[in-house]
Each structure stands twice: as C-alpha cells, then as structure tokens.
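To start, the structure itself, in structure tokens.
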Amino acid sequence: MRSFLKSLLTVALIPVSYFAMAQENENNTKCHALKNKMAARTTVASVAEDDYDVKYVKFDLNVSNTSTYLAGNVSTTATVVAASLSSYVFELNTLLTIDSVLINGAPRPFTSAGVVRTVNLAAPLSAGTSFTAQVFYSGTPTSGTLFGGSLGVNCISSPSWGNKATYTLSESYHANEWWPCKQSLRDKIDSVDVWLTVPDTLKGGSNGVLTAVTTVDATHKRFEWKERFPIDYYLVSFSVANYVDYSYYMHFTASTDSMLVQNYVYSNPATLPNFKSRIDSTGMMIDYFSTLYGRYPFWQEKYGHCMAPLSGGMEHQTMTTLGNFGTTLIAHELGHQWFGDNATCGTWADIFMNEGFASYSEYLFEDHFWNHTAAIATISDQQTNVKTSAGGAVYVDDTTNENRIFDSRLSYDKGACLLHMLRFVINNDNMFFQVLKTHQVQMRDSTATIADFKNTTAAIAGMTIDGMRIDTFFNQWAYGEGYPIYTAKWNQIGNDVWVKLDQTTSVPASIPFYFTPIELKLRSATGDTIVRVFNNTASQVFHFTWNRTMNNMVFDPNYWLLYELTSTTHDVTLDVNNVAGSSIIITPNPASASWTVNNAPSGSNMTLLDLSGRVLWQGSATDKSTVIPATDLAAGMYLLQIKSAQGAVSYKLIKQ
C-alpha cells in the first residue's frame, strides 16, 4: 500500500495533462499511516481458529454505493487440522448481526464474545475432515473518512470527481469488519468467489476473473468474480461505484501470451481521458516487472484497478484499489502483486517483504522508463527520510501498532534502501534479480519472512560476497537500528593516494559498527576514477596508486548506501609517516607458496582471514619482511588485516 502524493510530483510515463481535479488529498503520509486505528492483535483473535485450514470462500453480498450496509452470506469450506474440532470459531465485527449459521447445510447455535463467534458442532469432526460453514448476516459497519483513514468497509465521496464509492480495505486486521473470517496470514485461502449484487446503475469490482454479470431483478444485477489463486484474507476486496469498464490486453515480450488489464474508472466524462495514458502504461509496467521478478503471477486471470476515494492505493490481488493513477503509485501497487500477493509477508513484523519491495519497484520503474537521474532522486529522498530519526529497524518490533507496521520511514523507505544496498553488495545485477525470481518461485502462493529471503539470497549469491557475510548484512540492515556515520580524509603524494575513513553509528547500542563495501570517486581535472573498498574497522586507511593529480573525493558517488557523511577533507598530514599501511608492499600477489609483507609498522598485528571471517594465520610485523604462508590454502581470495597504533588497513590477497 502507498500514499499517493509522491506520485503527483512525478511525470507520466506517457505524457498527459494533470490538473487539480486529480488530487484526492494533499497528505504525504503513507496511506496506512493515516489510519490511526486502535492497537490490534498480532495473531488470530482465538487460537481455536488455527484448528482448521481454509480451502474455499464464497461471498454472496448485496451492496451499494450509498452506505456501508451489506447483507448476504459467506460460505467457508475448510479442513480440520487439529486432532478433532468440536466448534467452529471465526471473527466478525459486533456491528454486523448474524441471522443464522449452517454447518454442512444444517443450522447450528452460536455464541459471541466480542468479534469472536463460536458455533457448536453437532458432533466433533476428526482431523482431515472437510466441512462448510455458511454465515448469513447483515449490518452497517462504521465507515472511515478520506482524511481520517479507511476502515474495513467504507462509503466515501471523491472530493475531486464527486463520485461516491463503497470499498473495502482490510489490511492489516480489518477483514472482520465486513466478513466472517479467519485473520491468519499463514492460512491462505485456496480459492474465492465474490458475488456482488448491486443496483443496475453500478458496477462491482473484485479479485480474479469476471465470469458473469447476471440480472437479478428489474433494478439489480450481480457481478460474479472468480479467484483461483491462493489469496490472503486481507487481499479479498470489493469496490462498488458508478464505473465505466476500460479494459485492454497487454502482451508479454518474446511470447504469444497476453493478459487482460481491466479498469473500473469513475464514469465522469473527464475522468478516463485524464488518466487513460497512465492506465495504458500499466501493460508496459507488467511486462517489464515480469522480466525482473518472473512472469506476473496471476497472468491467467487479470490485472486491473478500481477507483475509490482513498489516499493512495491498496494492492488487492489482481485488482488494486486506487485513489488516482499516479505512475509511481501504479508501479508501487503493481510491484505488490509479486511481493505481498504472490509471496505474502509471513508475519506483520516482516512487512518489509511487502512494502520494501513495492517501494523499490518505484525506483526500478523510474530507472527504466524515465531516466537514472529521476531514480537516483527517489532513492536519495528515501535515504534522507530514513535519517530524519537516528533509530528504528526494518523489522517491526510492535505489531500491535499499525502506525508502526506501516511506518513510511522504516517499512517503506528503509526497506527500499536495504534492497538497494543488497544489490550493491551482490554487485551483479543478473544475480540480484535471480535472487528475486527465485524467491518468487520458492514462495509462490505462500508467505515469506525476512529470514526466508536472507536464506534465498545466500543460496543464490553465496553466504559471503566480497568480504560481506549475508547474515551480517541482514542483521545490520533488517534487524538492527540506525546507520553508519563517516568522516573521510584523503591525501596524495606523487602517485600514492591515501584515504582514511572513520565510522561511528547513529545507534551504537544496536549496531556498533557497519561492515560494508563502499565506492569512492577520486577526482581530478583530467578525469575521475571509482574505487571499491571494504570497510571492516572503525578507523581504516586505504592506499591506491593513481597517476593523475587528485583534487577531491566523492563518497558513495552513485547513492548506493544509507549513511551520514560529516566531512570530506584534504589532510596533508596523511602520508607514509603517520598512516598505518601507507608504505606497505606485498609481493607476490597473486602467490602460490607465500606472501611477503614489507614496510609494515614494527609490532603491528597481522591477521589473515578467509571471506567468511575465519582466522587462518596471525602474527606480528618485525622491522624486516614478514612472510605469510600460503601453500596449504585453497585457491581464492583472502583478507589481510594490519593494525597498529596509527590505525588499521586491509588488503586482498590472492592464492593461485
């Protein structure tokens, strides 16, 4: 889910006029942060709900766009997973009145304790038994407001277009505000039918394929939707308004396959013309993201949008609910179809698995369809927003607080920064996107945690990459708080360049030091060069040989990292006399039998490590050369750390 203001500040993929009527609101907070709801639980309302596995749900509801009133029935087919089941327990808001409950077609008594409803079975059902519970109910749930946030079901007029719509928004704990459900992320519903009976002047949009529009009586018709891919409880949706159906087919590159892109747009004469070019752009986005993440997971059904008066968008499976058609908003919600819908966060603490990826999809969209400058501006804005406060982790520490779950600074922006930095660490785009594709395949139709994604990354890219352990990376950036703070100094004498980096952190109690690769741009009047180093000590000196006259240095010139740089200075005292390692020479490198280290400060500590951080050799430098044995080592790359009173340096050693 995403707020929409940011999308108003961008340019359409296909040029289009954009005027004041398109603005649903002016708030730049992510839509979920606007909800301001009471603290919610982290699991199902009753542990008894985990005694069954939901297989199929059929909705048969009467709704309109004049109020939140709804009436009808919902049938749930499930399988017993406990040793036995003596009662069927589900959740439904107390503002909704249950008329009756049928278990396998027979009426059964029920009791209520708040939202927890309990139906006593005629006889216990054994493990593996399938049953169907049909709940007949009606009522008028409380509606949210445009600026006060949306509740489970809402009836609101668009301030821009005047259209009134009734729509649902169940994330994270609000499905029970409009249907009898089990709110468990881990129990995806295998398939869903949503039947919506509405006044014949309206249309009702929902998940999956529209199989029929049936005339009910002289003034009502029924929209019958069929979703045959697994779907999480909060992604089931409907939206009812006076819509026009603007649909077309997109085509996948290098394939004869095509897919329906179906859009329910307000029926005002000006609405569709205003947004048409952006809606048309959706097909190109689907095709492009399919090359990055794997084929759009629901291509055998559709993708589309329902307009509704909400401040942003919500990634309802196969049919996103949108307040407007801002291009980056479309890209964000479309990205969710892979990350959030196909592979859903395993717990609300892992919401990064939804929102971080969707936010990074905005960057990827801009970089491909607009230009790299626009994309860099987006990631730079995200980095800046993260640093407006010193602390906070991507992993959610309080899932009872929806404002914390959907914190734009942490779940969205820091999440996007995490992925951007992981891409930099892997340093191979083919491999990075292979990680994302593999994640989609492994977690298809299921749920995933941050730990699952870390394991997929390690399996594809390796546990250690360029000196960086993947578990260290995730401990720092997913589970830890804060970011590194640097001061940088440089100097050049002849062809010798020295760079000294000193690192502290914004929350040292959480992460006292960040291990990370860094790019440094050495600048000169006759041309620049970028060097990549690995920062693994709090005070570290790097030595380079460069035959151009250096006049400045740029830290992280390509905006890969999340950090604060306090200063970059030319320090003429940084030279061979006071910098550990500034005159060190290691020969041969690559080596087969041994490396010889010359000019290391006498008494300095020397440690040879493999790329997993395992210590292979330790010693102290003497006034003469120091020999490091290599005969028994496997071919590959190693790290040599040299520490003295003047500081610390690291070298990459190659064994042939």
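Every number in this text was worked out from the coordinates using simple rules, so none of it is lab data. Everything numeric in this text was worked out from a predicted model, so none of it was measured. No Cβ is skipped: glycine too gets one built from the backbone with ideal geometry, and neighbour counts run over all protein chains shown.
Summary of computed values
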read-out: Of the chymotrypsin sites (Phe, Trp or Tyr not before Pro) in the stretch 129-210, those whose Cβ has at most 14 other Cβ within 10 Å and which sit in DSSP loop; value: F147
read-out: Those residues of the stretch 480-519 whose amide nitrogen sits under 16 Å from the label point placed on R532, 7 Å along Cα→Cβ; value: 516-519
read-out: Cα-derived Rg over Rh, computed across the stretch 484-570 with Rh taken as Kirkwood radius; value: 0.98
read-out: Sites S87 and T215 - FRET efficiency at Förster radius 35 Å, r taken between beta-carbons, to 0.05; value: 0.30
read-out: Helix-derived mean residue ellipticity, 222 nm - over the chain, DSSP H n ≥ 4, -39500 (n - 2.57), to 500; value: -5500 deg cm²/dmol
read-out: Inter-part distance where the stretch 582-625 and the stretch 186-232 are each reduced to a Cα centre, Å; value: 70 Å
read-out: Rounded tilt (10° steps) of 415-426 against the dominant C-alpha axis of the chain; value: 40 degrees
read-out: The chain - Rg over Rh from alpha carbon coordinates, Kirkwood radius; value: 1.06
read-out: T291-R523 pseudo-label distance in nm [points 7 Å out on the Cα-to-Cβ vector]; value: 3.4 nm
read-out: Scaled radius of gyration (Cα, divided by 2.2 N^0.38 Å) that the stretch 5-338 gives; value: 1.00
read-out: Under 18 Å from the R186 label point (7 Å along Cα→beta-carbon), backbone N, the stretch 410-451; value: 443-451
read-out: Inter-label distance for M284 and Q300, nm, one decimal - labels placed 7 Å from Cα along Cα-to-Cβ; value: 3.0 nm
read-out: Beta bridges per DSSP with both ends in the chain, % antiparallel, nearest 5; value: 85 percent
read-out: Efficiency of FRET between H251 and A459 - r from beta-carbon atoms, R0 22 angstrom, step 0.05; value: 0.10
read-out: Extension reserve of the S380-T97 stretch, reckoned as 0.36 nm per residue once the Cα distance is removed; value: 96.9 nm
read-out: Pair A122, Q442: separation of 7 Å Cα→Cβ label points (nm); value: 4.7 nm
read-out: Exposure proxy order (Cβ contacts within 10 Å, fewest to most) of Y264, Y248, Y563; value: Y248, Y563, Y264
read-out: Descending semi-axes in whole angstrom, ellipsoid equivalent of the stretch 147-216, from the Cα gyration tensor; value: 23, 21, 9
read-out: Residues V240, V541, V54, sorted so that the one with the fewest Cβ neighbours within 10 Å comes first; value: V54, V541, V240
read-out: Cβ-defined net charge surrounding E49, 10 Å radius [Lys, Arg +1; Asp, Glu -1]; value: -3
read-out: Projected-area mean, the stretch 349-479, by convex hull of Cα positions, square nanometres; value: 8.2 nm²
read-out: Förster radius 60 Å - calculated FRET efficiency between T79 and I585, Cβ distance, rounded to 0.05; value: 0.30
read-out: Length added when fully stretched, T373-S389, from 0.36 nm per residue minus Cα-Cα; value: 3.2 nm
read-out: Amide H within-cut-off set for L653, under 5 Å, with H built and near neighbours excluded; value: Y638, L639, L640
read-out: Taking E564, E362 and counting other C-beta atoms within 10 Å, the order from fewest to most; value: E564, E362
read-out: Length released on extending from H570 to S592, taking residue separation times 0.36 nm less the Cα-Cα span; value: 4.1 nm
